[in-house]
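Novice: Can you read through this structure? Questions will come right after.
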Amino acid sequence: MTALPSLAEIQNARRAIAGSAIRTPLVRLNVNAAPAEIYLKLENLQPIGSFKIRGATNAIGHMHSDALARGVLTASAGNMAQGVAWSARELGIPCTVIAPESAPETKVKAIERLGGRVVKVAFDKWWDTFEQRAYPGIDATFIHAFDDLNVMAGNGTIALEILEDLPDVDAVVIPWGGGGLTCGIASALRALRPTCKIFAAEAATSAPLAASLAAGEPKEIDHQASFVDGIGARTVFPQMLERAQELIDGSLVAELKEIASALRLMVERNHVIAEGAGACSVACALSGKAGKGKVVCLVSGGNIDSSKLCAILGSRDEMRS
């Protein structure tokens, strides 16, 4: 069986990241006509605008000084890269990021402001970096964005906060990118509130987990780029699928127009700015797919290009990149 972070490791991670990640608020979505009591876990308020600071900080905190001295390398569309770059800057070590050519300029500039060096590559070559855990010509210690127990443990600290604020939560909906956020949170929830339903959230234009769960094995899909750039890929890592099969109750899929509508709703009703991935979980809950009762949606990040945000807010049409 593929290893999962233990509750003790998640609790230890909470202490380890306390100086970097903040304890984010859980607020009720201000909408009356909804199928459930929907709550927003606002990870977009983290110092880097994303939950990724949790896992990155915990992973780097567990690395030996010799490994850190070589500098760090990660593959990311933007948010994990910011988490790694933030921690690297604090330690005074170099950070290199392999990013897909489609990475939003807002995220690329943020990485560079934090001192990271960005290398843009084709999407397939970017995905290969996850699998190889290295990039040709770069001698640095690789930090995996999701398939890493310390990263998952750091992410799992979110569940501890949710249960403190809403002990009787009925369901949690979590955007699925590589699976490190979902599996980290689910590991803690299964230990502390096993009756809670746990769902991944994906965009219809790139939903490999839903396809893989249905098939019982990793399936490759036709990935289509969109404004939902923080999640979605061509397939699912076998070990991440195995974890998901053990931990979650399924993957919910939202259309782009539903995600755009959820994003607009959060801006208009709660004054919350989310990126596409962060709005995907809310779109799934608003559709009723997560059930009734008290449903927590992970607003995983708020790093969206201002031009895309303005286009979504001013349009009722489906948005593509």
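Novice: For Leu40, enumerate residues with amide H under 5 Å from its amide H, sequence gap 5+ or separate chain, H modeled in the peptide plane.
Specialist: Long-range HN contacts for Leu40: Val27, Arg28, Leu29, Cys297.
Novice: Compute the length gained on full extension between Phe123 and Glu164: take 0.36 nm times their separation in residues and subtract their Cα-Cα distance, giving the result in nm to one decimal.
Specialist: Extra length available between Phe123 and Glu164 comes to 10.8 nm.
Novice: Further question on the same structure: How large is ³J(HN,Hα), in whole Hz, for each residue of the stretch 109-118 in order, when computed from phi with the Karplus curve 6.51 cos²θ - 1.76 cosθ + 1.60 and θ = phi - 60°, using x for Gly and Pro?
Specialist: 5, 5, 4, 5, 4, 7, x, x, 9, 9
Novice: Let me ask another. What number, in percent, do you get for the relative contact order of the stretch 1-93 if the mean sequence gap of Cα pairs under 8 Å and at least 6 apart is divided by its residue count?
Specialist: Worked out over the stretch 1-93, it gives 24 percent.
Novice: For the stretch 66-147, report the translational diffusion coefficient in µm²/s to the nearest whole number, using Stokes-Einstein at 4 °C, 1.567 mPa s, and a Kirkwood Rh over Cα pairs.
Specialist: Value of D from the Cα-based Kirkwood radius: 106 µm²/s.
Novice: Work out the charge dipole of the stretch 1-128 with +1 on the Cβ of Lys and Arg and -1 on the Cβ of Asp and Glu about the Cα centre, then indicate which of Ala34, Val119, Ser6 is farthest towards its positive end.
Specialist: Ala34
Novice: Want the number for Glu105 to Ala8: 0.36 nm per residue separation, take away the alpha-carbon distance, what's left?
Specialist: Between Glu105 and Ala8, full extension yields an extra 31.1 nm.
Novice: Per-residue HN-Hα couplings for the stretch 9-19, Karplus 6.51 cos²θ - 1.76 cosθ + 1.60 at θ = phi - 60°, whole Hz, x for Gly and Pro?
Specialist: Result, ordered by residue: 5, 5, 5, 5, 4, 4, 5, 5, 9, 4, x Hz.
Novice: Using only the alpha-carbon atoms of the chain, report the extent along each of the three principal axes, biggest first, to the nearest angstrom.
Specialist: Each principal axis gives a Cα extent; for the chain these are 54, 42, 39 Å.
Novice: A further question on this structure: Along the Cα-to-Cβ line of Ala34, 7 Å from the Cα, sits a label point; which residues in the stretch 219-261 have backbone N less than 19 Å from it?
Specialist: 252-255, 257-261
Novice: List, in the order given, every pair from Lys41/Lys292; Lys257/Lys289; Lys52/Lys289; Lys107/Lys219; Lys52/Lys257 whose Cα-Cα distance in the structure shown is over 24 Å.
Specialist: Beyond 24 Å between Cα atoms: Lys52/Lys289; Lys107/Lys219; Lys52/Lys257.
Novice: Ok, one more. Enumerate the calculated ³J(HN,Hα) couplings along the stretch 238-248 in order (Karplus 6.51 cos²θ - 1.76 cosθ + 1.60, θ = phi - 60°), each rounded to whole Hz, writing x wherever the residue is Gly or Pro.
Specialist: Rounded to whole hertz, the list is x, 5, 6, 5, 4, 5, 4, 4, 7, 9, 10.
Novice: Hey, another quick one. Long-range amide H contacts for Leu252: which residues qualify at under 5 Å (H placed 1.01 Å from N, peptide plane, sequence gap of 5 or more or a different chain)?
Specialist: Amide H to amide H, under 5 Å and 5 or more residues apart or across chains, Leu252 pairs with Ala200, Ala201, Glu202.
Novice: Find out how many positive minus negative residues lie around Met152, taking Lys and Arg as positive, Asp and Glu as negative, among other residues whose Cβ is under 11 Å from that of Met152.
Specialist: -1
Novice: Viscosity 1.002 mPa s, temperature 20 °C: give me the Stokes-Einstein translational D for the stretch 30-115 in µm²/s, with Rh taken as the Kirkwood radius over C-alpha pairs.
Specialist: The calculation lands on 152 µm²/s.
Novice: Now a separate question. Excluding Gly115 itself, what net charge comes from residues whose Cβ is under 13 Å from its Cβ, given Lys and Arg +1 and Asp and Glu -1?
Specialist: Its environment carries a net charge of +2.
Novice: Grab the other residues whose beta carbon is less than 13 angstrom from that of Ala18, score K and R as +1, D and E as -1, and report the net.
Specialist: With Lys, Arg at +1 and Asp, Glu at -1, the net is +3.
Novice: For the pair Glu112 and Arg269, what calculated FRET efficiency results from E = 1/(1 + (r/R0)^6), where r is the Cβ-Cβ distance and R0 = 30 Å, to the nearest 0.05?
Specialist: 0.35
Novice: Averaged over every viewing direction, what's the projected area of the C-alpha convex hull for the stretch 164-257? Give it in nm², one decimal, please.
Specialist: Hull-based average projected area comes out at 6.2 nm².
Novice: Still on this structure, I have one more. Take the alpha carbon atoms of the stretch 213-237, find their center, do the same for the stretch 96-158, and report the distance between the two centers in whole angstrom.
Specialist: 18
Coordinate-derived values only; no laboratory data. All of these numbers come straight from a predicted model, not from anything done at the bench. Virtual Cβ from ideal backbone geometry, glycine too; neighbours counted across all protein chains shown.
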